[in-house]
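The values are calculated or read from the model by the stated rules, or taken from the named source; none is laboratory data. Model, not experiment: these values are computed from the prediction. Here the Cβ positions follow ideal geometry from the backbone for every residue, glycine too, while neighbour counts run over all protein chains shown. Note: accessible area is taken over every heavy atom of the protein model, side chains too, but ligands, DNA and RNA are not part of it. Shrake-Rupley method; radii C 1.70, N 1.55, O 1.52, S 1.80 Å.
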Amino acid sequence: MEMKYKIALAGNPNSGKTTLFNRLTGSNLYVGNWPGVTVEKKEGNLRNTKKDITLVDLPGIYSLAPYSMDEIVSRNFLLDERPDLIINIIDASNIERNLYLSTQLMELNCPMVGALNMMDVVKKTGVEIDVGEMEKIFGYPFIEISAQKETGINELIKLVEKTLDIKKLKNFPPIFAPEIMSVFNEFDNLIGNKYPEVLPNYPHLFRAIKLIEKDEEVLLKIYENIDLLQDIDLARKKIEAIAHHDVDSAIADYRYRFITEGITRATKKTKNNAIQFQEKLDKVLMNRYAALPIFFFFMFVIYYVSITLVGEITIGGIEWFINDVLMVAVEMSLGSLGAAGWIIALINDGIITGVGAVLTFIPQLVVLFIFISILEDSGYMARVAFIMDRIFRHFGLSGKSFIPMVVGLGCSVPGIMATRTLENERERKLTAVLTPFISCGAKMPIYVLMASVFFAQYQTVLVFSLYLVSLTVVFGSGFILSKTWFKGADSGYLLEIPPLRLPKLKNTATQVWQRIKEFIVRAGTIIFAASVVLWFLQSYDLSFQMTQTPDESILAMFGKIIAPIFVPLGFGNWIASVALLTGITAKEMIISTMSVLLSGQDGSFTLAISQVFTPVSAYSFVIFILLASPCMAAIATMKKELGNWRDFSFALAYQLGLAYGVAFVIYQVGSRVFV
């Protein structure tokens, strides 16, 4: 029977780990430039090998300390599932920082292979790394690769196979000074003799160090053993006496000494730095005063191109095809077959109108997602997160909170899930509540529709204003909630800035397709089914007789019951009310619902919309959609991340209450100013 192997892919955030995973397995996981893209472990089969090897992509971590959910997931896998080998991916352009994790992995008594990634960047800086010398120093083999440029990948696979065939584990060299190692060994012997029941399956050196460090996760496993805690304190005092530092600082200092001495021996400067232009560009992009204006300029241009320019080119043509070609062809074909009038109406006024109203905006979403993907993959968004940290601090958040919000531009579900990377529980919950205020892709067609109907000359300005409103709400809510509901201490912020690079076409295409595919799948499933149901409900009355007008339908009766709630917001009509209600299922349903409900009226859909709203009530409507609780999937994700009904109930009440309040002010003030 063929032996099965399990390999862990471990490394720092921004080291190119998920890109390497995709290269090694042929998978298409989302690839980004910050911690949190891979929140949970992902698995795939290693390609180009005859061995049965499963590769596990662990979350990006800086160390094996249990400070974040990512680190706990990775550490638990390495300790509990004991992989046959670890591929330790290292950003060679920031090698000393990355090797800190490597020194901890060396204590797990597991075979390792080091993948020195981004070597193309390193060589441009005029530095050469001697992989043979690295192996002598660190005790495991290294290989140079560039995951983005797909170089060294097959050689890495061969090295993995070769290392798996070595049955005897090679001892890793000692990282700490002999006198410190003697304390660790003495303490380990004490554990084995006096406390044999304490973490017997942990690697001995790792166990000794984590106990002496008073690692939180490890201390939870010793059940407040008083005698053991006293022995730990004695060991700590010995280390402090030797190192003349506190234990944590001493251990970290010895690790960095080992790394620095090793890197000095294994690297040499061969030529001048060739990436000075990138450094000059960073001085502009990360300038204290220019960084944010540049960011807002980029976002304005993105919205102008994707919403206004692309919209002018595509929307008219798609609507013409749906209304004047497809629906006419369906009516003629079904009519010639003798189909009943209600069947033709169901297909044209229900299905095609409902689904088509959403698909009309796909070209604009594709362009928008292309721009966002380019900003992410180029390394620019990581720089914005770093700059945002200084601002977010004033509002009870950190720069790391910006990361889930950028992910949420595509969809709120992964955006909320990405809050798991925040080590601070207060910031994690607060960010999960605030992330839905950043508009997801599903809401964009609603904004575009209203902008094209009521603000034709200022479409970009309107959509960009919503972006500014969402940021204002995030900052304001962050400040208020961090002082009230989510009180607590702030966390530090650590984010390595990746080098600026040209995005890979394949990676950009993959990201855009994954986002658009979800949009299309919803159109073909949820929106398709809902459009059929809506057509029946708006075509029949309670006696199941076909109505002459939608105002007499079952749906209208229900809509008129809830419509008064929205009268102060300017859209207290049953059509808008029902659309908001169906939008709980999926935000795309709002346009589909209005399209189906207005399909029987004379004129085009946009003309019918102009009779339901005024410019002020239309703006109030999109503000409510922007700020109200997201779709059902995002609401369920938010409940899971918040972890309890108390915070979840508050989050829903706060989001809905704030959306209602802001929309109320906009309509009441706007209707008096713009008479």
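The set of residues from the stretch 193-203 being free of Cβ contacts under 8 Å to residues at least 60 places away in the same chain and either surrounded by 13 or more Cβ atoms within 10 Å (Cβ to Cβ) or touching a helix residue (DSSP H, G or I) at 6+ places or on another chain (Cβ under 7 Å) (or both) comprises 195, 198, 199.
Kindly provide the set of residues from the stretch 53-71 that are over 17 Å from residue 27 (Cβ atoms) and open to solvent by less than 50 Å² (accessible area, probe 1.4 Å), ordered by number. Correct list: 61, 62, 63, 64, 65, 66, 68, 70, 71. Return the residues of the stretch 112-145 that are in contact (Cβ under 8 Å) with a residue 60 or more places away in the chain, surrounded by 21 or more Cβ atoms within 10 Å (Cβ to Cβ) and in a strand (DSSP E or B); say none if nothing qualifies. Scanning the stretch 112-145 gives 115, 117. Restricting the stretch 447-472 to residues that are aliphatic (A, V, I, L, M) and under 20 Å from residue 405 (Cα atoms) leaves a set whose member that is most open to solvent (accessible area, probe 1.4 Å) is 468.
Only one of the listed residues (344, 351) is part of a helix (DSSP H, G or I), crowded, with 17+ Cβ neighbours inside 10 Å and modelled with pLDDT under 80. That residue is 351. Collect the residues in the stretch 146-172 that are under 20 Å from residue 83 (Cβ atoms), open to solvent by 80 Å² or more (accessible area, probe 1.4 Å) and touching a residue at least 40 places away in the same chain (Cβ under 8 Å), keeping them in residue-number order. 166, 170, listed by residue number. Remark: pairs (first residue in the stretch 283-310, outside any helix (DSSP H, G or I); second residue of a type in the set (Val, Ile, Thr); Cβ separation under 7 Å; 6+ apart in sequence or on different chains) = 286/387; 290/284. Among the residues of the stretch 616-675, those that are without any contact (Cβ under 8 Å) to a residue 24 or more places away in the chain, aliphatic (A, V, I, L, M), closer than 26 Å to residue 455 by Cα and in a helix (DSSP H, G or I) comprise 665, 669, 673. Among the conditions (1) surrounded by 17 or more Cβ atoms within 10 Å (Cβ to Cβ); (2) within 30 Å of residue 69 (Cβ to Cβ), residue 663 misses just one, which is (2).
Picking from residues in the stretch 541-579 that are touching a strand residue (DSSP E or B) at 6+ places or on another chain (Cβ under 8 Å) and surrounded by 15 or more Cβ atoms within 10 Å (Cβ to Cβ), the one that is farthest from residue 616 (Cα to Cα) is 547.
Would you please name the residue that is modelled with the lowest pLDDT, looking only at residues in the stretch 207-263 that are of a type in the set (S, T, N, Q) and open to solvent by less than 80 Å² (accessible area, probe 1.4 Å)? Only one residue fits best here, namely 225. Restricting the stretch 402-422 to residues that are within 9 Å of residue 439 (Cα to Cα) and small (Gly, Ala, Ser) leaves a set whose member that is surrounded by the most Cβ atoms within 10 Å (Cβ to Cβ) is 412.
Being surrounded by fewer than 24 Cβ atoms within 10 Å (Cβ to Cβ), within 20 Å of residue 591 (Cβ to Cβ) and modelled with pLDDT of 85 or more is not true of residue 475. For the stretch 72-93, the set of residues classified as of a type in the set (S, T, N, Q) and surrounded by fewer than 21 Cβ atoms within 10 Å (Cβ to Cβ) consists of 76 only. Within the stretch 563-604, the only residue that satisfies the criterion of being closer than 29 Å to residue 637 by Cα and acidic (Asp, Glu) is 588.
The single condition among (1) more than 22 Å from residue 66 (Cβ to Cβ); (2) at pLDDT 90 or above; (3) open to solvent by 60 Å² or more (accessible area, probe 1.4 Å) that residue 190 does not meet is (3). A single entry from 569, 598 fulfils the requirement of being modelled with pLDDT of 80 or more and more than 18 Å from residue 449 (Cα to Cα): 569.
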